[in-house]
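The block underneath contains the structure these notes are about, expressed in structure tokens.
The values are calculated or read from the model by the stated rules, or taken from the named source; none is laboratory data. A quick note: this is a predicted structure, and the numbers were derived from the prediction, not measured. Here Cβ is always computed from backbone atoms with ideal geometry, including for glycine, and neighbour counts include all displayed protein chains. The area values use the complete protein model at the heavy-atom level, side chains included, leaving out ligands, DNA and RNA. Shrake-Rupley method; radii C 1.70, N 1.55, O 1.52, S 1.80 Å.
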Amino acid sequence: MEMKEVLERILNHEELTREETRQILHGIAREEYPDEQISALLTGIQMRGITVDELLGFRDGILETGVPAILNADRYIDVVGTGGDRKNTFNISTTACFVIAGAGYKVAKHGNYAATSISGASNVIRQHGVTFTDDIDRLNRSINECGIVYLHAQLFASAMKFVGHIRKALQFPTFFNLLGPIVNPSRPKCQLLGVANLDQMRLYGNVYEKMGIDYGIVNSMDGYDEISLTGDFKVKTKHYERVFKPSDLGLRVATAEELVAGASETEAAEIFDSVLENRALPAQKDVVLANAAFGIQVMEAGKKSIEECVSIARESIDSGSALATFRKFVELNN
């Protein structure tokens with residue numbers, strides 16, 4: 001597409017179609033546009049606000065120009081946050097993934113290095129000696145033998161490398177920040193997503209409805225992009241939309257200090273280990289239980305109560321199954 005025409009339409013507050021944004025992404029991957037035009041595109045859409053179809057079109061383009069991860073499993077989940085809440089929590093979503101896998105569900109975790117915190121998913125996974133790969137046989141062996149596979153984003157989303165330097169220079173969030181949670185190259189049928197505000201919850205709710213997958217979207221009312229248990233939190237799924245208190249799950253209120261990742265990747269990895277080894281602070285264990293429980297409920301298509309799902313997650317940790325799953329994962333992926 002001619003970028004001049006696209007920019008004129010955005011300046012006139014016109015919306016693009018899903019097919020048009022898909023084509024634009026393909027053009028970016030083919031390096032058809034100069035940096036200045038891409039900067040204008042990112043800035044213009046950020047100022048106007050992105051639509052559901054525009055976001056889905058960019059998602060289509062990312063997946064089509066990237067490396068696919070075709071897994072020999074039917075139903076599996078990804079648990080991820082949008083990031084950017086600047087709360088520097090420990091790796092809650094990643095830990096929850098191993099708890100879910102330890103409970104017998106399949107997980108395809110998509111992640112990257114930290115952007116605004118001490119430790120992202122890839123940081124904590126790498127800390128344990130895991131080698132990232134896009135080799136499909138190794139990926140399938142991992143999900144089939146231990147119930148979980150890790151997909152390091154940089155190996156799959158090829159088009160991202162053409163905009164990385166531009167995004168860094170702009171120094172403000174763009175629609176590429178919104179794409180991260182929905183471009184898992186294995187295209188899972190289930191996802192639990194943490195968002196930092198209710199506007200994002202509405203946007204992604206509409207996105208997931210058009211994608212036709214089972215989903216849960218969570219937001220802590222005090223700005224965490226996950227269930228923090230520091231206060232009330234809202235959950236939206238295909239089946240309900242509700243505000244919860246920690247006590248509704250039989251869990252205690254946490255403090256922000258109890259959830260901090262620490263000052264280094266090593267400290268964050270130690271907290272991750274302590275939860276799976278069932279020796280963490282009660283608040284650290286509880287917050288992982290909460291996030292894992294809602295992931296399990298998504299996998300169960302809403303057929304189990306959240307209290308049942310908390311019990312399933314707790315058993316995964318208390319029985320040692322979550323830890324055994326993680327150790328097997330490390331063994332397979334070193």
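Excluding ligands, DNA and RNA, the accessible surface per residue across the stretch 42-160 is 35 Å² with a 1.4 Å probe. For Val107, the residues whose modelled amide H falls within less than 5 Å of its own, excluding neighbours fewer than 5 places apart on the same chain, are Ile77, Ile148, Val149.
Here the accessible area is traced with a 1.4 Å probe on the protein chains. For the stretch 172-239, carbon and sulfur cover 48 percent of it. Positive-end ranking of Leu229, Cys190, Val260 along the dipole of the stretch 183-289, with charges on Cβ about the Cα centre, is headed by Cys190. In the chain, the DSSP-assigned H stretches of four residues or longer account for a calculated mean residue ellipticity at 222 nm of -14500 deg cm²/dmol, using -39500 (n - 2.57) per stretch and the full residue count as denominator. Is the C-alpha gyration tensor of the stretch 212-334 telling us rounded, prolate or oblate? Criteria: a/c under 1.5 is rounded; beyond that, a/b larger than b/c is prolate, otherwise oblate. Note, shape of the stretch 212-334 comes out oblate. The alpha-carbon of Lys210 sits under 29 angstrom from the alpha-carbons of these lysines, leaving out residues fewer than 8 places away in its chain: Lys106, Lys109, Lys161, Lys189, Lys234, Lys236, Lys238, Lys303, Lys304. Rounded to the nearest Hz, the phi-derived 3J(HN,Hα) couplings of the stretch 326-334 under the Karplus curve 6.51 cos²θ - 1.76 cosθ + 1.60 (θ = phi - 60°) are 5, 4, 5, 4, 4, 4, 6, 10, 7, where x marks glycine and proline.
Under the criterion of Cα pairs below 8 Å and six or more residues apart, the relative contact order for the chain equals 22 percent.
Sorting 129-135, 24-30, 291-297 by average packing, meaning the other beta carbons within 10 Å per residue, from highest down gives 291-297, 24-30, 129-135. The chain gives an Rg/Rh value of 0.96, both radii derived from C-alpha positions and Rh following Kirkwood. Dipole magnitude for the stretch 107-156: computed about the Cα centre from +1 point charges on Lys and Arg Cβ and -1 point charges on Asp and Glu Cβ, it is near 140 debye.
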